[in-house]
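Single-structure report; data block below.
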Amino acid sequence: MGDSEGYGFGPLGADVVIDPSEQDPIEIVKEYTEGEGVDAAIDCAGKEITENQALDCARQGGKVAFVGENRSATIKPSAQLIRKELTVIGSWYYNAGEYEELIALIRRGLSSERIITHRFSLKEAQKAFSTFASGKSGKVVFVPDITSPEIRRI
């Protein structure tokens, strides 16, 4: 939801961009959807607060996907799941059936370059993980140096 660090999703087609450090995401979603909530919410951060926000922002009968990993979180099953009749899924990797859809998105112009905010060599792994863990980045990727002597050629 965040956009304050310049990792904006507006240019990627988002209808509303919310900076949770300055706005209450649930209030903004409820206002924008006239109290209904969103059809689908995806939590990629894997933090208790964002998981709860995803559950709270989903409309009656909506869907929530947890992609970010989190060992534990406290939720309110009755209010957030049962009474709202939500469909909740977890997804760790893409399955083979989703690659076709991803390829179609890329062919229609979705550019992964627009969401990658940081690139690191493998030698910078600690810095890369620290950057990602800080929550102040978009997508962080490793770009191995194939000329490095540490990389064996096949």
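The values are calculated or read from the model by the stated rules, or taken from the named source; none is laboratory data. Bear in mind the structure is a predicted one, so any value in this text is a computation, not a measurement. Using ideal geometry, Cβ is built from the backbone for each residue, glycine included, and neighbour counts are taken over all protein chains shown.
So which residues in the range 76-113 are surrounded by 12 or more Cβ atoms within 10 Å (Cβ to Cβ) and either touching a helix residue (DSSP H, G or I) at 6+ places or on another chain (Cβ under 6 Å) or among the hydroxyl-bearing types (Ser, Thr, Tyr) (or both), if there are any at all? Scanning the range 76-113 gives GLN80, THR87.
Rundown of residues vs (1) over 22 Å from GLY138 (Cα atoms); (2) in contact (Cβ under 8 Å) with a residue 24 or more places away in the chain, yes/no style:
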residue	(1), (2)
ASP39	yes, yes
ILE42	no, yes
GLU51	no, yes
ALA58	yes, yes
VAL64	no, yes
ALA79	yes, no
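Restricting LYS76, LYS47 to those that are within 14 Å of the chain's Cα centre (by Cα) and under 27 Å from GLN23 (Cβ atoms) reduces the list to LYS47.
Checked against (1) modelled with pLDDT of 90 or more; (2) over 14 Å from the mean Cα position of the chain (by Cα); (3) of a type in the set (A, V, I, L, M, F, W, C), ALA54 meets all criteria but (2).
In the condition set (1) in contact with a Ser or Thr (Cβ under 8 Å, 6 or more places away or on another chain); (2) surrounded by fewer than 10 Cβ atoms within 10 Å (Cβ to Cβ), GLY62 is compliant with all but (2). Residues in the range 1-41 that are surrounded by 13 or more Cβ atoms within 10 Å (Cβ to Cβ), small (Gly, Ala, Ser), modelled with pLDDT of 85 or more and more than 15 Å from the chain's Cα centre (by Cα): GLY37 only.
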